[in-house]
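Undergrad: Dropping a structure here in structure tokens format, bear with me for questions.
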Amino acid sequence: MLTDAMKQDLVDANHILYERGVVDGFGHVSARDPDNPDHFWISRNLAPAMVAAQDLMCFDLDGNPVTDDRRSYLERFIHAEIYRSRPDVRSVVHSHSPSIIPFTVAKGVSLRPMCHMCGFLRSAPPVFEIRESAGDDTNLLISDSRLGSALARSLGGHSVVMRGHGLTVVGSTIRQAVFRSVYAEVNAKLQMQAMALSDDVIYLTEEEADTCSSTMDGQLDRAWNLWKQAAIQI
Ligand SMILES: [Zn+2]
């Protein structure tokens with residue numbers, strides 16, 4: 001079972017991701033069960049801003065519901081297969097983060113970390129191309145375990161961008177996964193602005209990225225508490 005604190009964080013995460021513009025009617029955030037690593041918790045099929053504690057459901061790693069059979073997210077297999085393949089991951093955010101999507105379709109350009117808040121992006125998140133797994137006539141959704149597994153294999157360190165679709169970010173806590181999701185969107189906006197000014201943009205080295213990332217991991221609660229307060233207003 002989720003602890004009460006984790007349950008509260010998971011509900012707050014849904015609201016924060018909406019308030020910060022990372023998700024809208026779509027997108028989702030999950031947490032691995034602390035007592036059973038083969039189970040994870042995520043809202044029933046609901047817009048993130050509407051999620052309350054009673055909406056959380058438990059799933060196994062095949063994407064089957066454990067607690068009840070309310071309508072669930074089509075793309076829950078993203079979460080299931082990442083938890084299966086990455087034991088270090090304890091939270092997953094999947095979003096259609098709008099500033100990320102141009103970087104998934106513009107050839108010759110990669111999302112890369114360019115400010116100190118975004119070191120978790122490391123060198124450049126890999127791009128998942130669903131056509132390589134499922135042909136050229138899909139709806140681009142990760143709607144079964146096979147596609148979830150393909151996406152999980154594409155996951156870089158902490159994130160993967162999905163062509164024409166969005167972003168999936170992982171963390172060792174709910175707060176870290178949310179922080180990374182918010183700042184991936186920030187980095188994408190900043191990178192587009194820098195690229196409009198110059199075709200010679202300076203990015204973080206991998207060493208800078210790692211150092212910045214570990215520094216920011218000690219500061220997560222400051223941002224979280226602010227975002228939580230702002231999200232309460234919605
Ligand atoms: Zn999606």
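The values are calculated or read from the model by the stated rules, or taken from the named source; none is laboratory data. Since the structure is predicted, the reported quantities are computational estimates derived from the model, not experimental observations. Neighbour counts run over all protein chains shown; Cβ positions are idealised from the backbone, glycine included. To get the accessible areas, we keep the full protein, side chains included, count just its heavy atoms, and leave off ligands, DNA and RNA. Shrake-Rupley method; radii C 1.70, N 1.55, O 1.52, S 1.80 Å.
Undergrad: Determine how large the accessible area of CYS212 is when every protein chain is in place; take a 1.4 Å probe and give Å² rounded to the nearest 10.
TA: CYS212 exposes around 30 Å² with every protein chain in place.
Undergrad: Report, to the nearest 10°, how far helix 206-217 tilts away from the longest principal axis of the Cα atoms in the chain, using its own Cα long axis and a range of 0 to 90°.
TA: Here the helix axis deviates by roughly 40 degrees.
Undergrad: For MET57, MET6, what's the largest-to-smallest order of accessible area, 1.4 Å probe?
TA: The residues order as MET6, MET57, largest area first.
Undergrad: How far is helix 174-197 tilted off the main Cα axis of the chain, in degrees rounded to 10, range 0 to 90?
TA: So the inclination is approximately 30 degrees.
Undergrad: What angle do you read, to the nearest 10 degrees and between 0 and 90, between the alpha-carbon axis of helix 145-154 and the longest principal axis of the chain?
TA: Long axis of 145-154 versus the principal axis of the chain: about 30 degrees.
Undergrad: Same structure, new question: What translational D, rounded to a whole number of µm²/s, comes out for segment 90-234 from Stokes-Einstein when the hydrodynamic radius is the Kirkwood one over Cα pairs, at 4 °C and 1.567 mPa s?
TA: Taking Rh from Cα pairs, D becomes 81 µm²/s.
Undergrad: Let me ask something else about it. DSSP loop trypsin sites (Lys or Arg not before Pro) in segment 60-149 with at most 13 other Cβ atoms within 10 Å of their Cβ, which ones?
TA: ARG70, ARG71, LYS107
Undergrad: Please work out the Cα center distance from segment 143-209 to segment 56-77, rounded to the nearest Å.
TA: Cα centroid to Cα centroid, the span is 25 Å.
Undergrad: Roughly what % antiparallel, to the nearest 5, for the DSSP beta bridges in segment 4-231?
TA: Among the beta bridges of segment 4-231, antiparallel pairing accounts for roughly 90 percent.
Undergrad: Which distance in Å, rounded to a whole number, links the C-alpha centroids of segment 39-55 and segment 114-134?
TA: 26
Undergrad: Same structure again: Who wins for biggest fluctuation among SER72, SER97, SER43 in a Gaussian network model of the chain, springs between alpha carbons below 10 Å?
TA: SER72
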